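For reference, the structure is listed below as structure tokens.
Nothing in this text is a laboratory measurement; each read-out follows from the coordinates by a stated rule. The structure displayed is predicted, hence computed values, not measured ones. Neighbour counts run over all protein chains shown; Cβ positions are idealised from the backbone, glycine included.
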Amino acid sequence: MTDRPDRVTRTRHLTVGYSGRAAATIPDLDLIGGVVWHVTGPNGSGKTALLKTLAGLLPPIAGEVERRCGFGTAGAIYIHSVPYMFAGSVRRNLALAQPEDDEVRAVAEVFGLSALLGREATTLSHGEQRRLALARAVVARPSLLFIDEPEGGLDDEAIQAWRACALRAVHAREPVLMVAAHRPIAFEAIPVREIRLS
Amino acid sequence: MLAEVGRALALIVRGDVEVWQIAGVSFTVSLTAVFTAVILGLPMAYVLAASGARRARVGMWLAHSLAALPTVVIGLTLYMLLSASGPLGWARLLYTRTAMAAAQFVLALPLVVAVVLGALRGLPPSAGEALVTHGVTRARHMGWLLWEVKSAVVSGTFLAFSRAFTELGAALIVGGNIRGATRTLTTYIALEYDRGDDARAIALGLILLAVALVTNSVMHVLVSER
């Protein structure tokens, strides 16, 4: 299966971890769009380290990551398991990657944040903050989107809401989506490829 | 004592030219010093915070150490640098407001850096990483992070102003307490006290006290609103 050249990401003999200490050795990967890449494994198995390394936020301990895009718009974006909300309104947070105003309004509509645009982002509920983090990333139109534990602490309704948003993104084959999660994740009509770390 | 305070209040209310001219010099010198310290101190704090944990720790230690320097030591050092036989004597800055502002800048800069750097180090790593991963440029990166610690920026600025505005040692040594030129509230209070003109000393002290109270109240309001 071929994929757009600007978002090709391959790993070879990759070992990930922090401060020179290996957390996991990763099987060789050729990341493509159109599927959800699900990284699973117990606590401390290196899921976050893998996502951060692929996103370019952590250097590999060993091996190579071939990634042909930078950060942000048209690049790679990583969403933390506890996303950081910047001081100021939801609108200010959505404008982090400097999208046009109409793009901000459109993404707010899709993610159910239109009524909250003027609200202080740090006062949102946990579920709303997760939706905002996802919207803030999607509005930048990344080629690669890495989401760390997106369903942690969410109720069933919020989980369905975020999955619907992720589904729309994957259907359009934009971006390549990789999710780290303890629990199994399933999407209708979208294949999920599992990367199990031990 | 009460009579002296009454005379002092009369001097302030009547608009004694010399008293208000001296207050003007104090404000000019201190605001210049603090403005410069903030303009240079904010990027310095940001660069130190972004340069890794070890360098940030060293920067913090250095800023705290410099903030604790006695003002007379700073004044004496600047005096030796600026005196006719010193390495900067050619600039003829000794006994000028510029020299006083430079001394107060040395007092203010470490305070600004220490307070803002401490706050930046307190931010979770996810704040900086969120900016990087969303493709925020270096210049905007600094702006976003400083906005996150705006309370510390306000506190650092006001603390630096308080220290600069109320210091005596450095201003006296490099300013010389020259009437109409480098005479400030603190240097004049010391002079009037020596002369025994308590009313004038009290009047200037009241202005100094009012400025300190207003400054701290404004800082409190600004910080608690955030």
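For the subset of region B:175-220 comprising residues that are among the polar types (S, T, N, Q) and under 23 Å from B:G75 (Cα atoms), which member is surrounded by the most Cβ atoms within 10 Å (Cβ to Cβ)?
That would be B:T184.
For region B:121-150, which residues satisfy the criterion of being within 12 Å of another protein chain (Cβ to nearest Cβ), touching a residue at least 12 places away in the same chain (Cβ under 8 Å) and under 23 Å from B:W61 (Cβ atoms)?
Across region B:121-150, the qualifying residues are B:L123, B:G128, B:L145, B:L146, B:V149.
Given the conditions (1) under 13 Å from the mean Cα position of the chain (by Cα); (2) more than 11 Å from every other protein chain (Cβ to nearest Cβ), which single one is not true for A:A76?
(2)
For region B:154-172, does any single residue satisfy the condition of being within 14 Å of another protein chain (Cβ to nearest Cβ) and either crowded, with 21+ Cβ neighbours inside 10 Å or assigned to a helix (DSSP H, G or I) (or both)?
Yes, there is a match, as at least one residue in region B:154-172 is within 14 Å of another protein chain (Cβ to nearest Cβ) and either crowded, with 21+ Cβ neighbours inside 10 Å or assigned to a helix (DSSP H, G or I) (or both).
Count, please, the residues in region A:79-102 that happen to be within 14 Å of chain B (Cβ to nearest Cβ) and more than 23 Å from A:E157 (Cα to Cα).
11
Considering only region A:97-106, I want to know if a residue exists there that is within 15 Å of the chain's Cα centre (by Cα) and on the phi > 0 side of the Ramachandran plot.
No, there is no match, as no residue in region A:97-106 is within 15 Å of the chain's Cα centre (by Cα) and on the phi > 0 side of the Ramachandran plot.
Working only within region B:14-68, note down all residues that are touching a residue at least 24 places away in the same chain (Cβ under 8 Å) and not in a helix (DSSP H, G or I).
B:D16
Here are B:G135, B:G180: which of them is in a loop (DSSP other than H, G, I, E, B) and either closer than 26 Å to B:Y46 by Cα or among the hydroxyl-bearing types (S, T, Y) (or both)?
After applying the criteria, what remains is B:G135.
The conditions are (1) within 14 Å of chain A (Cβ to nearest Cβ); (2) part of a helix (DSSP H, G or I); (3) β-branched (V, I, T), and B:V116 fails exactly one of them. Which is it?
(1)
For the structure I just gave you, tell me whether B:G118 is touching a residue at least 24 places away in the same chain (Cβ under 8 Å) and surrounded by fewer than 23 Cβ atoms within 10 Å (Cβ to Cβ).
Judged against the criteria, B:G118 is a match.
Can you give me the number of residues within region B:74-96 that are in contact (Cβ under 8 Å) with a residue 40 or more places away in the chain and assigned to a helix (DSSP H, G or I)?
The number of residues fulfilling the criteria is 6.
A:D28 versus (1) touching a residue at least 24 places away in the same chain (Cβ under 8 Å); (2) more than 22 Å from B:L131 (Cα to Cα): which is the lone unmet condition?
(1) is the only condition that A:D28 fails.
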